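The values are calculated or read from the model by the stated rules, or taken from the named source; none is laboratory data. Note that the coordinates shown come from a computational prediction; the quantities given were computed from them, not determined experimentally. Cβ coordinates were reconstructed from backbone atoms using ideal geometry, including for glycine residues, and neighbour counts include every protein chain displayed.
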Amino acid sequence: MKKLLLLLFSFLLLSSPSISADDISDFQIEGISIGDSLLDYMTEDEILKEIERTKNLYKNLKEPNKYAEIYLRKDFPAYSYMSFFIQNNSTNQYVTNKNEKYTIVFIRGMIDYIEDFDSCIQKRDEIVEALSRMFPNTQKREEVFTSRSDPSGNSIIDNVTFIFDLNERIGARCNNWDENFRIKLNLGEGLSVAIETQESIEWTSNYK
């Protein structure tokens with residue numbers, strides 16, 4: 001049975017403080033799991049438009065277009081919007097099953113805290129406290145670093161990650177972008193809760 005990873009306004013609701021995780025595909029954010037087809041939530045035209053719109057977001061990586069990030073904005077119960085990584089093979093003629101082309105390998109739910117980093121950290125810490133109770137024996141990594149995406153070096157990421165088997169992860173972080181950088185790229189800013197597969201982590205860690 002899926003375990004619901006759902007941020008409510010004052011706490012994080014999973015299933016029970018005593019649950020254990022065998023696989024991150026056991027988790028959901030807004031009812032969506034790793035391994036789902038994005039076609040269950042968006043049309044193919046919507047996906048292709050997002051692939052084109054976001055094609056330059058990861059140009060600092062060695063394989064910037066190996067995956068595509070797709071954003072979905074709708075009236076979610078808890079999050080402002082969500083994003084997903086899928087393999088960027090939408091025009092691959094050898095893939096005949098459309099669902100295979102749009103398999104989700106990363107899920108992120110986000111809430112905006114524009115220029116309100118302190119409130120973001122407060123909410124993030126509530127989530128981390130709940131996750132710590134659920135997974136007391138899981139490795140937890142805390143780090144604050146500057147984003148490589150911003151050449152100015154003024155964009156800060158404050159991140160807490162829970163690391164499971166096979167290096168799969170659940171992370172909760174706050175982004176505090178340099179304001180000029182954020183406006184230039186029209187970026188969201190605030191809290192994100194993400195389910196990360198090993199392949200998505202390897203891709204985003206492979207810088208030029």
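Quick notes
- Only one of 192, 200 that is among the polar types (S, T, N, Q), assigned to a strand (DSSP E or B) and at pLDDT 90 or above: 192
- Residue 73 of a type in the set (Lys, Arg) and under 17 Å from residue 108 (Cα atoms): yes
- Condition check for residue 172 on (1) of a type in the set (A, V, I, L, M, F, W, C); (2) buried (at least 18 other Cβ atoms within 10 Å of the Cβ); (3) farther than 20 Å from residue 140 by Cα: one failure, at (3).
- Residue match in the range 136-148 (condition: out of contact with any Gly (no Cβ under 8 Å at 6 or more places or on another chain), surrounded by 18 or more Cβ atoms within 10 Å (Cβ to Cβ), touching a residue at least 40 places away in the same chain (Cβ under 8 Å) and of a type outside the set (Lys, Arg)): no
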